[in-house]
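What follows is a set of notes on a single structure, which appears directly below.
The values are calculated or read from the model by the stated rules, or taken from the named source; none is laboratory data. Computed from a predicted structure; not experimentally measured. Because the Cβ atoms are built from the backbone with ideal geometry, glycine has one as well, and the counts that use them run over all protein chains shown. Keep in mind that these areas ignore ligands, DNA and RNA; they rest on the heavy atoms of the full protein, side chains included. Shrake-Rupley method; radii C 1.70, N 1.55, O 1.52, S 1.80 Å.
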Amino acid sequence: MTAVPGQLRSTADPAGAGQGGADEDLRALFGQSTAVFASLAGPEHLVETANPAFFATIGEDRARTGVALADLMPELAGQGFIALLDQVYRTGEPYTGSDVRILLGTGPQAREAFFDFTYEPRRDVAGQVSGIRVLGVETTQVKQAQRLMAEHRALLEQIARQAPLTEVLDGMARCIENLAPQEVFVSVLLADADGRHLRHGAAPSLPDFYNEAIDGIATGEGVGSCGTAAHRRQPVIVTDIGTDPFWDDFRHLAEQAGLSACWSTPILARDGGLLGTFAMYHRTPRAPQDSDLALARVFAGTAALAIECHHSEQARRAAEARARSAHDELARVVRVERELRAEAEQRASVAAELAARMRAAAAAQAAMPHPEHCELGGALGCTAPAEIKIADSWGDAAWGCSAHVEEAILNVRSVFIASEELGGLAAYLKR
């Protein structure tokens, strides 16, 4: 990582013009300021003096003077800042950098920061460069706010285009993990419809065994940070999992995952209903700062918007599915009704044709001698006038009334067609 090229300015101090008084004025001016100030001497850039903001920025453990800046902050050499100081000392031209990225510190304690700064040459009475003044203002928070706004806008665009909920929540978790100045692991749990259990929503950096173990945990007092936050509908801050009683049932699991702190914020709907929880985990015991709590509130609200939109979309799709199902059922009923009507009309037509044939047969047989009463009444007999003669393929014949003839035609024909072994008209007569 190197310093971002800045701008060289051609202004210079008048030779020897009140050099000592100017330095005193600068020390007085920046003594308690949040702006960073340091006065460096010679080509080695020895730290002659610096204000508290400078030492707070580089770390109080390195707060000393009379040491070359490269020895005090060895991480600067590989980033190009010592080379820039050498350039200003050699040319006498001031250097200004804007929104420059710098890595402060080394190892696990290293942090990313951004600065607007100026390297101003100091001159002796002879007009020769004798040192450099460093003036800077940290813009890290502004830079992070800009990145946060950009990421937040992208999340809102995802929600607006109805991206899958898992995609939105996973992207949100990764966004926070990337923006946080210290290592953090984000987890989002989603509430069941009854609000009594929490299900896995997103946790891209937590181990799978941990996500599987807490998937489905109950909401309730003392059930870790998330279960308690969901129950209370209030944030729950556990700064040390190793000693907090809320984690008695999950402490071994957290130890296995290397987690030592967990801050959980409930995700609430506009009507106050529980939607889930938003948690931030840390590897070391830690209490949140105001910026951490603000970040949690912002993204808990974003998660609430995403979840509510997801629920609304699910409800809309379910309603559309029910409407389609009702439409399909109505179409089926109409189709069946039409089929039944057609069948009924066909049966009526067949019945009318049969009745007509029966009437014709009755008229034809009316003049012929025949029994006076119906022979098709079975054991109970029938006193109705015999009007129609019927016969089967076996040669059996009988006279009957219109009603019994119709019944015989339907029954005998059915039996005859189904199985000849059951007999024809004779079997019907002996019924």
Would you mind checking which residues have amide H under 5 Å from Arg199's amide H? H placed 1.01 Å from N; only 5 or more apart, or other chain.
-> Leu190, Ala191, Asp192, Gly216
Taking the range 234-328, which trypsin sites (Lys or Arg not before Pro) meet the DSSP loop condition and have no more than 13 other C-beta atoms within 10 Å?
-> Arg270
Regarding the range 65-157, what are the three Cα extents along the principal axes, ordered largest first, in Å?
-> 61, 27, 19
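Using only alpha carbon positions, build the gyration tensor of the chain, then give the equivalent ellipsoid semi-axes as the square roots of 5 times its eigenvalues, largest first, whole angstrom. Intermediate values should be presented prior to the final figure.
Details: eigenvalues 2035, 124, 51 Å².
Semi-axis lengths for the chain are 101, 25, 16 Å.
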Whole-Hz ³J(HN,Hα) from phi, Karplus 6.51 cos²θ - 1.76 cosθ + 1.60, for the range 294-300, glycine and proline x = 5, 4, 4, 5, 4, 7, 5
Around Cys262, what is the net charge, scoring Lys/Arg as +1 and Asp/Glu as -1 over all other residues with Cβ under 13 Å from its Cβ?
-> -1
Area of Asp86 that stays accessible when all protein chains are in place (1.4 Å probe, Å², to 10) | 60
With a 1.4 Å probe and every protein chain kept in, tell me what percent of the accessible surface of the range 33-176 is carbon plus sulfur.
-> 54
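Starting from the Kirkwood radius over alpha-carbon pairs of the range 74-127, derive D by Stokes-Einstein at 4 °C in a medium of 1.567 mPa s and give it in µm² s⁻¹. Before the final figure, lay out the partial values.
Numbers: Rh = 12.6 Å.
Translational D for this selection: 103 µm²/s.
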Using alpha carbon centroids, what distance separates the range 64-83 and the range 271-344, in Å?
-> 56
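Keeping every protein chain present and rolling a 1.4 Å probe, give me the accessible area per residue for the chain in Å². List each step's numbers first, then the result.
Values: 23520 Å² over 431 residues.
Computed with neighbouring chains in place, this is 55 Å² per residue.
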Simple spin-label estimate for Ala150 and His311 in nanometres, 7 Å along Cα-Cβ = 3.4
List the cysteines of the chain that have no other Cys Cβ closer than 4.7 Å: which are they?
-> Cys175, Cys226, Cys262, Cys309
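Assuming a ≥ b ≥ c are the square roots of the Cα gyration tensor eigenvalues, decide whether the range 42-114 counts as rounded (a/c under 1.5), prolate (otherwise, with a/b larger than b/c) or oblate.
On the way: a/c = 1.71, a/b = 1.25, b/c = 1.36.
Taking the square roots of the gyration eigenvalues as a ≥ b ≥ c, the range 42-114 is oblate.
By its C-alpha gyration tensor, with a ≥ b ≥ c as the square roots of the eigenvalues, how is the range 130-253 shaped: rounded for a/c under 1.5, else prolate for a/b larger than b/c, else oblate?
oblate
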Where the accessible area of the range 187-326 is counted over protein heavy atoms with a 1.4 Å probe, how much of it, in %, is carbon and sulfur?
-> 49
Sorted largest first, extent of the range 169-311 alpha carbons per principal axis (Å) = 35, 30, 27
